[in-house]
Amino acid sequence: MRKFHDVAQNTDEWQALRLGKATASNFACFMANFGKDFGDPAKRYALQIALERMTGKKAEHSFSNEHMERGHEQEPVARMLYAEETFSEVLNGGFFDCGDYGDSPDALISKDGLIEVKSVIASTHYANILRGTFDPAYKWQLVGHLDCSDRAWVDFVSYCSDFPQGSQLFIHRLWAEECKDELGMLRQRRADFLGLVERTQQNIAERIAA
């Protein structure tokens, strides 16, 4: 089941759609140590989702820092530069609802693609340029974008306003055809993780009933 909701991100409606679902930005939590037992980050994430399902409320704890705040502020600029450099039609990313999980790409590109924008400090941007590919820290978010959207490709977009014009954007395209193995790994591990969420929810319900 896959349904696209053309909603503005970070609104109350968008938050409600994400409630109680595993989302692509957090897939790395449970993809760590693939093939082994889930670690503490995955268990904490499973607890968060279980509580959201039981209470109907977003978890009160949240994490924000200077880098994240800068990213929110500069993302529109990066999107504009991307549209200019690639001559692309940049559309609202909305939310792909896939039942127990979902995804909010930063933007949809025409009919086949989407983008993930990272507004980064100069040293990180330079590392991305030298690497010549996406930042591996976001591998499973990018694979998750492809899986949840069923689109052909995702562009990883690194943006740094400190760089001179012409080098403020670094773009690397990841094709779904390139990562068939990773897509299979994600689907397997995600199913196991959602089972952990259900067990966590059941354990809490049993403790309440005791």
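Readers should treat all values here as calculations from the given coordinates under stated rules, not as data from a laboratory. Please read these numbers as outputs of a predicted model, since none were measured by experiment. Every residue, glycine among them, receives a Cβ derived from its backbone with ideal geometry; neighbour counts consider all protein chains shown.
Pairs Lys57/Lys111; Lys21/Lys180; Lys3/Lys36; Lys43/Lys111: which are spaced more than 26 Å apart, C-alpha to C-alpha?
Lys57/Lys111; Lys3/Lys36; Lys43/Lys111
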inquiry  = Sequence gap at least 6, Cα distance under 8 Å: using those rules, report the relative contact order of the chain to the nearest whole percent.
reply    = 25
Highest average packing first - 185-194, 41-50, Cβ atoms within 10 Å = 41-50, 185-194
query = On a 0 to 90 degree scale, rounded to 10, what angle separates helix 40-55 from the longest Cα axis of the chain?
reply = 70
Protection proxy ranking of 167-176, 19-28, 83-92 - average other beta-carbon atoms within 10 Å, highest first = 19-28, 167-176, 83-92
query = How big is the convex hull of the Cα atoms of the range 3-209, per residue, in Å³?
reply = 127
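Grab the DSSP H runs of the chain that are 4 residues or longer, score each as -39,500 (n - 2.57), total them, divide by all residues and round the 222 nm result to the nearest 500 deg cm²/dmol. Intermediate results must be reported in sequence, preceding the final value.
Working: 7 runs with 100 residues, N = 210.
Calculated at 222 nm, the ellipticity per residue is -15500 deg cm²/dmol.
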